[in-house]
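The values are calculated or read from the model by the stated rules, or taken from the named source; none is laboratory data. Quantities reported herein were computed from a predicted structural model and do not represent experimental measurements. Here the Cβ positions follow ideal geometry from the backbone for every residue, glycine too, while neighbour counts run over all protein chains shown. Note: accessible area is taken over every heavy atom of the protein model, side chains too, but ligands, DNA and RNA are not part of it. Shrake-Rupley method; radii C 1.70, N 1.55, O 1.52, S 1.80 Å.
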Amino acid sequence: MWRVKSAKVLSNDYLALHRTKNSFRDALVAPLSKEGMAPYDVYFQIFAHLPSWVSGLMSLRNRLVKKMGFDVGVEVFEKNKVRHLHVGDKVGFMEVVILNNQEMIGMSEDRHMQFYMSIRVQEGQVTLSTMVNLKTWVGRVYMAIITPFHWFIARTVIHRAVDKKRI
């Protein structure tokens, strides 16, 4: 049974304040089975354990879009940074722009889009919200193509973390 559900997108949070006219935004919520997890711990437990087929798709995506000017930063997870993370640090391909006990927001930008991800931990659950501000027509076409993949992959990797009791 899927325990990852769509959540209401907030209209007054950091991402909403940075949203532009041409954008995509979604939010997914999942239960936490571990108490006291920091937002970065949740991020690590989800995204440092991607299935090989997801890693393969991301590698293919990077090869295809690199020549069009998209950021293809490599995900590098260092577990020892969990306790030493600060605003301005790189986490995978994103820079941390907000960090506190309840939320971590990362951001990445290239010439076609500005990408944000929020990981909010509260009341025994985690809400992951993504927002993409689309800056060019190439970015809009790209987003139209990958949105169905995003929905499926995001739910799958979060569900795996819940199912394996990593979060």
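If you go through the stretch 110-140 and keep only what is open to solvent by less than 70 Å² (accessible area, probe 1.4 Å) and among the hydrophobic types (A, V, I, L, M, F, W, C), you end up with Met113, Phe115, Met117, Ile119, Val121, Val126, Leu128, Met131, Val132, Leu134, Val138. For the stretch 34-49, residues that are modelled with pLDDT under 90 and part of a loop (DSSP other than H, G, I, E, B) total 5. A residue that is closer than 23 Å to Thr147 by Cβ, modelled with pLDDT under 85, polar (S, T, N, Q) and surrounded by 12 or more Cβ atoms within 10 Å (Cβ to Cβ) occurs somewhere in the stretch 50-70. Among the residues making up the stretch 141-156, those that are within 14 Å of the chain's Cα centre (by Cα) and either more than 13 Å from Arg3 (Cβ to Cβ) or open to solvent by 70 Å² or more (accessible area, probe 1.4 Å) (or both) are Thr147, Phe149, His150, Trp151, Phe152, Ile153, Ala154. The condition of being closer than 17 Å to Phe70 by Cβ and of a type outside the set (Ser, Thr, Tyr) holds for only one of Leu128, Leu99, Leu134, Leu85, that being Leu134.
What tally of residues in the stretch 1-40 results from selecting those that are on the phi > 0 side of the Ramachandran plot and surrounded by 11 or more Cβ atoms within 10 Å (Cβ to Cβ)? So the count comes out to 0. Among the criteria (1) of a type outside the set (Lys, Arg); (2) crowded, with 16+ Cβ neighbours inside 10 Å; (3) more than 18 Å from His150 (Cβ to Cβ), the one Ile46 does not fulfil is (3). When the residues of the stretch 99-109 are filtered to those that are open to solvent by 40 Å² or more (accessible area, probe 1.4 Å) and farther than 15 Å from Val42 by Cα, the one that is modelled with the lowest pLDDT is Glu109.
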